[in-house]
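The values are calculated or read from the model by the stated rules, or taken from the named source; none is laboratory data. Not measured: the values here are computed from a predicted model. Neighbour counts run over all protein chains shown; Cβ positions are idealised from the backbone, glycine included. Each accessible area value is taken on the protein alone, full model and side chains, heavy atoms only, with ligands, DNA and RNA left out. Shrake-Rupley method; radii C 1.70, N 1.55, O 1.52, S 1.80 Å.
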Amino acid sequence: MSDSNETIAILGGTGDQGLGLALRFCRSGRRVVIGSRKADRAVEAAENVRSQVPEADVEGLGNEDATAAAEIVILSVPFEHTASTVKTIKDSLRAGQILVSMTVPLATAVGDGAVRTVGIWQGSAAELVASLVPKGVDVVSAFQNVSSHRLQDLTATVDCDVVVSGAKAAREKIMALCPLVPGLRALNGGPLSNARIVESMTALIIGLNIRHKCPEGLGIRFTGLE
Ligand SMILES: NC(=O)c1ccc[n+]([C@@H]2O[C@H](COP(=O)([O-])OP(=O)(O)OC[C@H]3O[C@@H](n4cnc5c(N)ncnc54)[C@H](OP(=O)(O)O)[C@@H]3O)[C@@H](O)[C@H]2O)c1
């Protein structure tokens with residue numbers, strides 16, 4: 001289970017998805033550190049969170065310092081900058097930390113559209129991340145199918161299942177974070193290799209958003225569970 005005293009760092013928390021998660025985790029009472037390549041941008045994002053969630057325990061730091069300050073680190077940068085970001089924080093990572101990949105390898109990374117993904121040698125963006133981290137750091141895949149728009153709207157519940165994949169103990173800690181966001185339900189997604197399926201579902205969801213004219217973003221639900 002997730003320890004509520006553990007700090008959550010969100011690298012690229014200045015952007016849409018990271019900011020949405022920061023708002024939600026702060027509202028649930030968790031301590032959040034927003035990371036950015038530029039510390040002043042992170043401080044600004046933390047002020048933004050505090051303006052919407054006055055009780056927020058939040059601070060903004062450079063990505064390396066944010067990584068060092070947290071037990072759980074969520075990567076929230078576009079796929080094309082994921083590997084370079086992991087390399088910049090590598091010296092700040094330590095055994096026992098969990099690094100969460102929610103990156104979707106959209107084909108926009110190579111100048112194509114957002115309704116397709118690109119192939120990755122390792123099988124998924126999450127497995128690429130896992131190939132780059134120091135020994136003892138667990139990589140978990142989660143939150144790829146959750147809409148940033150819905151996360152940022154604090155008046156709304158986020159009606160979505162989150163398939164969480166990775167090694168058991170780390171996976172269970174990240175699954176425990178999901179219900180902190182009203183409407184999110186965690187599902188045990190098994191091994192990290194299943195991230196390749198979950199990541200590609202986001203490209204499908206983006207196409208559905210366009211065809212069904214849903215700019216707020218669709219969610220996914222698996223049926224048949226208690
Ligand atoms: N948006 C969604 O609805 C959504 C849904 C599911 C999953 N995701 C995933 O979540 C991640 C973040 O998505 P997003 O929409 O929030 O992205 P974004 O707003 O485009 O960018 C997020 C942050 O990435 C950092 N960044 C930008 N260029 C960079 C570079 N060259 N090198 C390193 N960092 C750079 C920036 O932070 P600084 O400039 O402060 O460093 C930026 O604020 C992506 O991997 C995406 O696939 C997004």
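Per-structure values
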item: Residue ID - surrounded by the fewest Cβ atoms within 10 Å (Cβ to Cβ), chosen from residues in the stretch 82-138 that are farther than 20 Å from ALA68 by Cβ and of a type in the set (Ser, Thr, Tyr); result: SER131
item: Single residue of the stretch 1-47 satisfying the filter (among the charged types (D, E, K, R) and touching an Asp or Glu at 6+ places or on another chain (Cβ under 7 Å)) that is modelled with the highest pLDDT; result: ARG31
item: The one condition in (1) buried (at least 20 other Cβ atoms within 10 Å of the Cβ); (2) within 26 Å of THR155 (Cα to Cα); (3) within 11 Å of the ligand (Cβ to nearest atom) that ALA56 fails to fulfil; result: (3)
item: Given (1) under 14 Å from the mean Cα position of the chain (by Cα); (2) without any contact (Cβ under 8 Å) to a residue 40 or more places away in the chain, number of the condition VAL198 does not satisfy; result: (2)
item: Residues within the stretch 149-163 that are open to solvent by 60 Å² or more (accessible area, probe 1.4 Å) and under 16 Å from THR223 (Cβ atoms), tallied; result: 1
item: Matching entry among ALA156, ALA169, ALA125 (being modelled with pLDDT of 95 or more and over 17 Å from LEU204 (Cα atoms)); result: ALA169
item: Search result, residues across the stretch 1-18 that are in contact with a helix residue (DSSP H, G or I) (Cβ under 7 Å, 6 or more places away or on another chain) and either within 7 Å of the ligand (Cβ to nearest atom) or charged (D, E, K, R) (or both); result: GLY12, THR14, ASP16, GLN17
item: Qualifying positions in the stretch 139-150 - farther than 22 Å from GLU71 by Cα and more than 8 Å from the ligand (Cβ to nearest atom); result: ARG150
item: Identity of the residue in the stretch 26-53, assigned to a loop (DSSP other than H, G, I, E, B) and open to solvent by 10 Å² or more (accessible area, probe 1.4 Å), that ends up nearest to the ligand (Cβ to nearest atom); result: ARG37
item: Scope the stretch 157-172; condition touching a helix residue (DSSP H, G or I) at 6+ places or on another chain (Cβ under 6 Å) and small (Gly, Ala, Ser); matching residues; result: SER165, GLY166
